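These notes concern the structure reproduced below.
The values are calculated or read from the model by the stated rules, or taken from the named source; none is laboratory data. Just so we're clear, the structure is a prediction, and the values are computed from it rather than from any experiment. FYI the Cβ positions are ideal-geometry reconstructions off the backbone, even for glycines, and counts take in every protein chain you see. With ligands, DNA and RNA removed, areas are computed over all heavy atoms of the protein, side chains included. Shrake-Rupley method; radii C 1.70, N 1.55, O 1.52, S 1.80 Å.
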Amino acid sequence: FIAALCIVYAPIVFFNKSLQPPLFYPLNGVVETGAYGYEGRVPINSFNIDMTTGVYVAPPLNRFIGDSYKRGELPLWTSYGASGNPLIEQYATATFFPFQILKNIFPTKTWDFFILAQFWIAGFFTYLFLRLLKLSPISSFLGGLFFMFSGSFTWYWANEQMTNAAMLIPVLLWALERLFQNKRAKDIVLSAFIFAFVLFVGNPGGFIFTLLLGGVYFVFRIITAKEKATQKLKHLLLLLLIFVLALELAAFQILPFVESFSSMHNNRDPDLGYDYGTLGTNWRFLAYIFTPG
């Protein structure tokens, strides 16, 4: 998988090029034409995704959060936005996601390798998951390769909240399959921590769909297993236990986020055609929710 990344992303790995979103944004600067006085090549934003978050929001916040950790401070608040705002209430900052913390405390010039590391984690754990399902090594390798070079990463790399969630999908499925096969205490703890990591990814929609996928997969394994009804019930209770443990581990992030709902505002007005979440959703467009674009 590392070799495949080195081949496909050779300009990044070997030739000092970059995938960092601000460098891809054609109007990156304070004037309409881009950076003032710049006369070099200007990239064309051909990506049908939100580039603004990856350009103007995430990089400065990531730097601030990383610098806070390096000073030995918890980044619970920033005074640099408006009159100041609490980072712990904003899921998009991924303030407590372990992978994001590691990225944020490293120098900015290394962030490209953290982007590629997300690809690698996704591919490698897809391989491990498929091997647990008794697929052949070559089939498992191809499965990992196809997932790590899928649109979830090659198209959405600029939106780290999305790729954080996508990266953990095979990790979660791998942990749940280990738990189903072995039922050991260490697998219970491992699954609970990975469930909690999913809750920290920085995207509520992302963690809901990821956990839903994990839960549905585990229930499917229980239903199709040739076991007695009492044993299947124990499996379901085990899944519930893991979810409760994960909620407890992530409570210090979830509770402030939920509490903030009463004091936060949404500037997307359904009357102007901006449908946000289930707010103002026309049920004729239900299929669009699950098959965007």
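Take residue 184: with every protein chain present and a 1.4 Å probe, its accessible area is about 90 Å². Shape class for region 92-192: oblate, because the ratio a/c of the largest to smallest gyration tensor axis (alpha-carbon atoms, square roots of eigenvalues) is 1.5 or more and b/c is at least a/b. In a reduced charge model with +1 at each Lys and Arg Cβ and -1 at each Asp and Glu Cβ, region 149-265 shows a dipole moment near 680 debye about its Cα centre. Straight-distance candidates among the lysines for linking to residue 232, with alpha-carbon spacing under 24 Å and chain neighbours fewer than 8 residues away dropped: 134, 183, 186.
Per atom type, region 181-264 shows carbon and sulfur on 76% of its accessible surface, probed at 1.4 Å.
Any idea of the accessible area per residue across region 97-151, 1.4 Å probe, to the nearest Å²? Per residue, region 97-151 has 46 Å² of solvent-accessible surface.
A probe of 1.4 angstrom, applied to the heavy atoms of all protein chains, finds residue 210 with accessible area near 10 square angstrom. For region 201-262, the per residue solvent-accessible surface stands at 60 Å², with DNA, RNA and ligands left out and a 1.4 Å probe.
Only protein heavy atoms count here; on that basis, with a 1.4 Å probe, residue 8 has an accessible area of about 80 Å².
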